[in-house]
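The values are calculated or read from the model by the stated rules, or taken from the named source; none is laboratory data. Given the structure is predicted, the values throughout are model-derived calculations rather than measurements. Cβ placement follows ideal geometry from the backbone for every residue including glycine, while neighbour counts extend to all protein chains displayed.
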Protein chains: 2
Amino acid sequence: MINAAGREIPSVINGYKEVMPFSGAYNNPGNGIRTISRYKTVWPGGNKVLGSIREAVEKVGLRDGMTISFHHHMRNGDYVLNMVLNEIAKMGIKDLKIAASSIFNCHEPLIGHIRNGVVTGIEANYIVGFVAKAISKGILDRPVIMRSHGGRDRAIEAGELHINVAFIAAPTADVYGNLNGIYGPSACGSLGYAFSDAKYADRVVAITDNLVDYPLTPISIDQTLVDYVVKVDRIGDPKGIVSGSTNITRDPLGLKIASMAADVIEASGFLKDGLSFQTGAGGTSLAVASFLREKMRAKRITGSFGLGGITGFFVDMLKEGLLKVLLDTQCFDLKSVESLREDSNHIEISSSMYGNPHNKGAVVNNLDVMILGATEIDTSFNVNVTTGSDGIIMGGSGGHNDTAAGSRLAIVVTNLFKGRLPIVVDKVTTVTTPGETVDVLVTEQGIAVNPRDEDLKKKLIDSNLPVVDIDKLKDMAYRLCGTPDEIRYKDRIVAVEEYRDGTVIDVIREVV
Amino acid sequence: MINAAGREIPSVINGYKEVMPFSGAYNNPGNGIRTISRYKTVWPGGNKVLGSIREAVEKVGLRDGMTISFHHHMRNGDYVLNMVLNEIAKMGIKDLKIAASSIFNCHEPLIGHIRNGVVTGIEANYIVGFVAKAISKGILDRPVIMRSHGGRDRAIEAGELHINVAFIAAPTADVYGNLNGIYGPSACGSLGYAFSDAKYADRVVAITDNLVDYPLTPISIDQTLVDYVVKVDRIGDPKGIVSGSTNITRDPLGLKIASMAADVIEASGFLKDGLSFQTGAGGTSLAVASFLREKMRAKRITGSFGLGGITGFFVDMLKEGLLKVLLDTQCFDLKSVESLREDSNHIEISSSMYGNPHNKGAVVNNLDVMILGATEIDTSFNVNVTTGSDGIIMGGSGGHNDTAAGSRLAIVVTNLFKGRLPIVVDKVTTVTTPGETVDVLVTEQGIAVNPRDEDLKKKLIDSNLPVVDIDKLKDMAYRLCGTPDEIRYKDRIVAVEEYRDGTVIDVIREVV
């Protein structure tokens, strides 16, 4: 069947639940009962600190066929997923499903565990590197399920993703299981992606390299949710956890695009007191924020909140008074970790509060402007950030389709082409974010407005911005780069891309 | 049947669920699945702010027979319970159950609503004043259910207390339903008792007199849990919400008892680095803290955490560095509200985290010393803080039996008699807290140690403290005051006292 994003979706996908095709970004409201969560008495005198990961795996009763979860605040410096899986593999447990919020290059050992049958399923919001390639080459029998950040929390709360045991990398933990991410040698800042795991997993194990006296303050995930605490030498490599700093692009093309995007925000009428926005940590996105900052300073505008994925750039805006509040699901650099630790207007939020479309209103719903990247964007404004133009997985939604759906103005900023590959294309390789939730595309060759947004288009033209038809941008890209080659796929589906509401927006097939 | 606290409990209680008799403080661990909680989409552009309480009552679909809940941080200054019930009464809705964490004198209008059939059931942790008397005189057909603070959260999570609509008095709310208690004209500090209501009620309505722009910081109860926000003129009378200040007793007898209690703490070995404790806000309890503070200063001891029910006295100890952290379910005075607002080591916790015996370890489990009051204490160390010696309800457990069960050293401080009434008695009128969880009784006439605690008794004797047998204290009290008259009851049970684990520890009958 053809779904509302125009993609051909099989009515049955082997190894996946019943297929609900994507039917439009706002057509599948939630109104139901959250999944089970377990309580269990710990009496006075009870001890939660265990001597080893093995002991924890034994105590929680991990068995073949279960689902274990991880969060990705350690990013490419994470040691925890590998440590836990190594121990589990040694213990002979098999057929596990890994529900990681994201998977990075550092998780390459996962490939061995898949080959050995320890891991037979993966669900994640973002997958890059060796594991992504192996999945695209068909290493798993069951398709991987890919979700948005908010969609993962929705799936957990709805019981679609039931976690038997959550392993939480905790930069600081006290002996009774209170956790935070802001102190310790592996400080990562916010633990926002791990909140739902802690709330809904049957059993919760915190793994820390900074075990402190009771009671820890502040508390991000509290003692009522954590069964056991294990102290290890190191939970991650600081170099991979947070960047020393995140920087604005110096590329002239990127700066041009960013400047135009800032002009779009101004022309659209959002440049006023109370402005809220999110950008990614990429150089061009940060450059948009930089140009926006100049405009805010010039017009003496005080924004409302910055959302993310927080960088030092946002911290500077908070300190300068250009933003009142930062709402933070993860910290990208050291400055933002420090700010979360010290500034009471910089607050940690769960990814459910951030983007879950089925709670009583996520933060993304209150976002004025979202600056989005794209691996590809097609003439229907569908965006792909999941696969490369070779069809191989190299990312995933993360917060992409959450923020596009929630924000009042979703702007995609990208070069028209990169290397010899057109970014604006006829049809994206994979739909991550449906075109109906994207308002504007800004390239160095002009600005395309979604035909749904006639008013916006008029405003931009009135402001003398270079508005062009998206088909023209695509034609220009194809003229310069040539028409992209068709990717050759096998029949087998290696990943199902769920939209944030749990419907299937696209499938990803094994590449030849 | 006779329960483990030695009380005769009927095997069937009309209007109450199946009776599970109290079987010992640590004999009923929890290991199960939390009750349902509901999610519901609010799309971008959705509005949560309603014009009136009536509109909120209509929108949430309140109907005859439902249960509505309130929290008691507004204490005797609360306007919200009365406002909501007045509106509901006007709308003609009947047969409601009120699940209030506590009921105060200001809630007298409840009596009229009971007479008119609007309210037919009450569940609360603490009831004083007019409503308490009316209940004891048999105004309700169904027995009231009384619980501890931790027990209420347990009952909510277990689904025994299912809340259809929670009305949350919010000193500050933003337009999207983020709430805190630390700002605004009705600032009360912590909102700890309302957390479970917000999480597990089918629908949640915040009522505020300080509606602010999005997003509020800090956030105590977040937007993902709140359906609607109603702005009213005033949610409470500041004079009734928090005291200007809380003070140490000046009564010489009270000071003597307090001094002896501090000596007990020292003699028992808890006066060392890492000491944690809780006291009530009463004058004698605060005096114990004051003597303890002197000892800590003299011995250069740094405590760990203070728990409560927080007063300015604890705030001073935090500022002085005698305590590292305050864990706060409610603020008793203005100084503690200010501290919660400004000191990052003073943190708000839910009453579930505070005392729920069925979560993965409540804070009370880590409490070294608890200073408890008593209306009566009997020779089995059972304590009554629920009824007067006339049998009329005038309180309830609150955190009493939670902290007694959790703490390593539970000390009851009380005069031997008050007026002409003995406090140490043969058999308490009502058992609130079972004797097995009480370690020591300190009176002006001597210190009685629970026979279970032989080591402790030896330590106190070795320290030359005036240890006496509790029967001797009772005899002394009876000699001075005469043997108390038997209370004359009717057969009808007006309230069921549930222990924190949900078993029935006592029943309260209609007084003649």
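If the condition is being hydrophobic (A, V, I, L, M, F, W, C), surrounded by fewer than 24 Cβ atoms within 10 Å (Cβ to Cβ) and part of a helix (DSSP H, G or I), then the stretch A:316-339 contributes A:317, A:318, A:334.
Just checking, how many residues over the stretch A:23-79 are not in a loop (DSSP other than H, G, I, E, B) and not aromatic (Phe, Trp, Tyr)? Break it down stepwise before answering.
At the first step, the residues of the stretch A:23-79 found to be not in a loop (DSSP other than H, G, I, E, B) are A:31-33, A:38-40, A:49-50, A:53-59, A:67-70, A:75-78.
Filter again for not aromatic (Phe, Trp, Tyr), leaving A:31-33, A:38, A:40, A:49-50, A:53-59, A:67-69, A:75-78.
Here the count works out to 21.
Here is a yes/no grid of residues against (1) assigned to a helix (DSSP H, G or I); (2) touching a residue at least 40 places away in the same chain (Cβ under 8 Å):
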residue	(1), (2)
B:359	no, yes
B:364	yes, yes
B:370	no, yes
B:380	no, yes
B:391	no, yes
B:403	yes, yes
B:442	no, yes
B:464	no, no
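Within the stretch A:341-375, which residues are of a type in the set (A, V, I, L, M, F, W, C), touching a Lys or Arg at 6+ places or on another chain (Cβ under 9 Å) and more than 9 Å from chain B (Cβ to nearest Cβ)?
First pass over the stretch A:341-375, keeping only residues of a type in the set (A, V, I, L, M, F, W, C): A:347, A:349, A:353, A:362-364, A:367, A:369-372, A:374.
Those left that are additionally touching a Lys or Arg at 6+ places or on another chain (Cβ under 9 Å): A:367, A:369-370.
Matches in the stretch A:341-375: A:369, A:370.
Restricting attention to the stretch A:234-251 and to residues that are hydrophobic (A, V, I, L, M, F, W, C) and in contact with a Leu (Cβ under 8 Å, 6 or more places away or on another chain), the residue that is nearest to the other protein chains (Cβ to nearest Cβ) turns out to be A:242.
The residue list A:82, A:86 contains one member that is in a helix (DSSP H, G or I) and out of contact with any helix residue (DSSP H, G or I) (no Cβ under 6 Å at 6 or more places or on another chain), which is A:86.
Residue by residue, here is whether (1) within 14 Å of chain A (Cβ to nearest Cβ); (2) more than 19 Å from residue B:174 (Cβ to Cβ); (3) surrounded by fewer than 15 Cβ atoms within 10 Å (Cβ to Cβ) holds:
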residue	(1), (2), (3)
B:4	no, yes, no
B:7	no, yes, no
B:17	no, yes, yes
B:42	yes, no, no
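Of everything listed in (1) more than 10 Å from chain B (Cβ to nearest Cβ); (2) closer than 30 Å to residue A:47 by Cα; (3) not in a loop (DSSP other than H, G, I, E, B), the single unmet condition for residue A:260 is (2).
Before we move on, is residue A:75 touching a residue at least 24 places away in the same chain (Cβ under 8 Å), surrounded by 14 or more Cβ atoms within 10 Å (Cβ to Cβ), away from chain B (no Cβ under 14 Å) and farther than 20 Å from residue A:143 by Cα? Steps first, please.
On the way: touching a residue at least 24 places away in the same chain (Cβ under 8 Å): yes; surrounded by 14 or more Cβ atoms within 10 Å (Cβ to Cβ): yes; away from chain B (no Cβ under 14 Å): yes; farther than 20 Å from residue A:143 by Cα: yes.
Yes.
Here's the yes/no breakdown for (1) away from chain A (no Cβ under 11 Å); (2) surrounded by fewer than 18 Cβ atoms within 10 Å (Cβ to Cβ):
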site: B:188; (1), (2): yes, no
site: B:224; (1), (2): no, no
site: B:232; (1), (2): yes, yes
site: B:253; (1), (2): yes, yes
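Summed over the stretch B:161-185, residues that are farther than 23 Å from residue A:350 by Cβ, more than 13 Å from every other protein chain (Cβ to nearest Cβ) and not β-branched (Val, Ile, Thr) total 7. On the given criteria, is residue B:338 more than 9 Å from chain A (Cβ to nearest Cβ), at pLDDT 95 or above and touching a Ser or Thr at 6+ places or on another chain (Cβ under 7 Å)? For residue B:338, the condition - more than 9 Å from chain A (Cβ to nearest Cβ), at pLDDT 95 or above and touching a Ser or Thr at 6+ places or on another chain (Cβ under 7 Å) - is not met. Return the only residue of A:47, A:31 being within 14 Å of chain B (Cβ to nearest Cβ) and in contact with a His (Cβ under 9 Å, 6 or more places away or on another chain). Answer to the selection: A:31. Apart from one condition, residue A:45 fits all of (1) in contact with a strand residue (DSSP E or B) (Cβ under 9 Å, 6 or more places away or on another chain); (2) without any contact (Cβ under 8 Å) to a residue 12 or more places away in the chain; the exception is (1).
Collect the residues in the stretch B:127-160 that are within 17 Å of the chain's Cα centre (by Cα) and surrounded by fewer than 24 Cβ atoms within 10 Å (Cβ to Cβ), keeping them in residue-number order. Within the stretch B:127-160, B:128, B:129 qualify. Within the stretch A:108-163, the set of residues being more than 15 Å from residue A:71 (Cβ to Cβ), outside any helix (DSSP H, G or I) and basic (Lys, Arg) comprises A:137, A:142.
Sort out which residues of the stretch A:202-222 are in contact (Cβ under 8 Å) with a residue 60 or more places away in the chain and away from every other protein chain (no Cβ under 11 Å), and write them in order of number.
Of all residues in the stretch A:202-222, those in contact (Cβ under 8 Å) with a residue 60 or more places away in the chain come to A:202-203, A:205, A:207, A:211, A:220.
Once the filter is applied, which keeps residues that are in contact (Cβ under 8 Å) with a residue 60 or more places away in the chain and away from every other protein chain (no Cβ under 11 Å), the stretch A:202-222 yields A:205, A:207, A:211, A:220.
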